[in-house]
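Every number in this text was worked out from the coordinates using simple rules, so none of it is lab data. Quantities reported herein were computed from a predicted structural model and do not represent experimental measurements. Neighbour counts are summed over all protein chains in view; Cβ atoms, including those assigned to glycine, are modelled from backbone coordinates with ideal geometry.
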Amino acid sequence: MATPTASQAADTRAAAVVARVPDCSSWGYPYAISGNDLFVVCYGPSTIEPYIARVNMTTNKVVATYGPDPTKMDFTYIHHVAVDGSQLWIDGTLGSACVDPCTGFNQIVRINLATGKTALILSDWWLHGLGLGYIWATDKSGLAKLDPATGAVKGRIPFEYETLQVACGSLWGLTINDPEMADASTTIARVDPANGRVLATFTEPGLVDELQQVGAECWASAYTGVITVDDSQPDSNHFDRIGLSAIEFRSPVIPSSQGYAALFAGTFWILDTDTQTDNAQGSAVPATLTTMQRIDPATWQSVGPTWTYTGDTPEFAAGGALWAGHTDNANNTELERLNVPLGPIGS
């Protein structure tokens, strides 16, 4: 199989910023999409005031912001976001650390989108996401299926995995084994959402990222290689096609000298970062230069123009566009929408 590498073709284009969400720093930008609106976690200028920005992806404008009732709680971090109809679900912590039993440390909040008011607080609950008709959340009794409209517990199933994903029409559980060892691996299980029965389980050497639907297939970017204590979450270096009971295909590995693998809205990418002098802003302060190029899954070769962006690598795709964080010389951070096209190769 051919090895995907970044092309050095002359067609290099600077990505234009077509929308900005100001005062939006984050750790990973948790987000959800509902209709034509993007709901993304941002942190204000003080970096200790998380909120949800609602961005209309037609106008590229922030049309509302949300957060828990400040008279009831002040989140230090918001970890997950889910939107179902008129209800926004988030969870967060009331501090940065706690000592067992950590009572009241983690909270789930349901907010009415029309009024912006807190409609429900679940103390000592952790949110995992939305899918298959339920809000998935855990408390000290284990995994529960919540009614998205009311928060009522509609059932519980056994679940023994570190993380939960609803993707590719299934419920999945993932656990990283020996995450700081060279022989780290990821156990992947497909779980029956009705009763928690494990339908299939298999282990992949290395680390597996978020599962995503690509056409009729299920894919994830993944990493295989040496993992050290100082680098327990290295960048992905290839792609896995996830079957119902096994890894069906592994793409060629991208050499670390060329960049790393990323999957955005069903498109395969090779990304790389470098440090440059941010002359565009009239300053000698170093800035991150990101380069991006598509990978054709038919050949696993890079194709099309190489896009450059002065800012961090993209965090996610929404509304047919890539979104990335950028910090200016005054240390102001914003989330930016780029004009880099997505969609099928050649479109």
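Annotations
- Convex hull volume per residue for the chain, taking Cα atoms only, in Å³: 153
- FRET E, pair Glu248, Asp328, Förster distance 41 Å, beta-carbon r, rounded to 0.05: 0.40
- Sorted by Cβ neighbour density within 10 Å, fewest at the top, the residues Thr59, Thr12: Thr59, Thr12
- Taking amide H as placed 1.01 Å from N in the peptide plane, His128 has its amide H under 5 Å from the amide H of Trp136, Ala137, Thr138, each at least 5 places away in sequence or on another chain.
- Sorted by Cβ neighbour density within 10 Å, fewest at the top, the residues Cys102, Cys42: Cys102, Cys42
- Restricting the range 147-252 to trypsin sites (Lys or Arg not before Pro) that sit in a DSSP loop and have at most 14 other Cβ atoms within 10 Å of their own Cβ leaves Arg197.
- Linear extension gain, Asp139 paired with Val63, 0.36 nm per residue minus alpha-carbon span: 24.1 nm
- The convex hull built on the alpha-carbon positions of the range 17-162 has an orientation-averaged projected area of 9.5 nm².
- For the range 115-246, the percent of C-alpha pairs falling in each 10 Å distance bin, counted from 0 to the bin holding the largest distance, reads 12, 38, 31, 17, 3, 0.
- Listed residues Gly95, Pro344, Asn36: farthest to the positive end of the dipole of the chain (Cβ charges): Asn36
- Förster radius 45 Å - calculated FRET efficiency between Lys117 and Ala14 (Cβ-Cβ, nearest 0.05): 0.55
- Every Cα-Cα pair in the range 18-93 was counted, and those over 14 Å apart are 58% of them.
- Simple spin-label estimate for Asp124 and Trp27 in nanometres, 7 Å along Cα-Cβ: 2.4
- Kirkwood hydrodynamic radius of the range 74-157, from inverse mean 1/r over distinct Cα pairs, in Å: 12.9
- Cα-only Debye scattering, the range 181-251: base-10 log of I(q)/I(0) at q = 0.13, 0.16, 0.23, 0.27 Å⁻¹: -0.40, -0.59, -1.02, -1.22
- Kirkwood hydrodynamic radius (C-alpha pairs) into Stokes-Einstein, the range 289-345, 20 °C and 1.002 mPa s, D in µm²/s: 172
- The residues Asp183, Asp124, Asp272, when put in order of fewest to most other Cβ atoms within 10 Å, stand as Asp183, Asp124, Asp272.
- Remark: the Cα gyration tensor places the range 233-272 in the prolate category, a/c being 1.5 or greater and a/b exceeding b/c.
- Taking the convex hull of the alpha carbon positions in the range 123-172 and averaging its projected area over all directions gives 3.5 nm².
- Sequence-separation-based contact order of the chain, relative, with Cα cut under 8 Å and 6+ spacing, percent: 15
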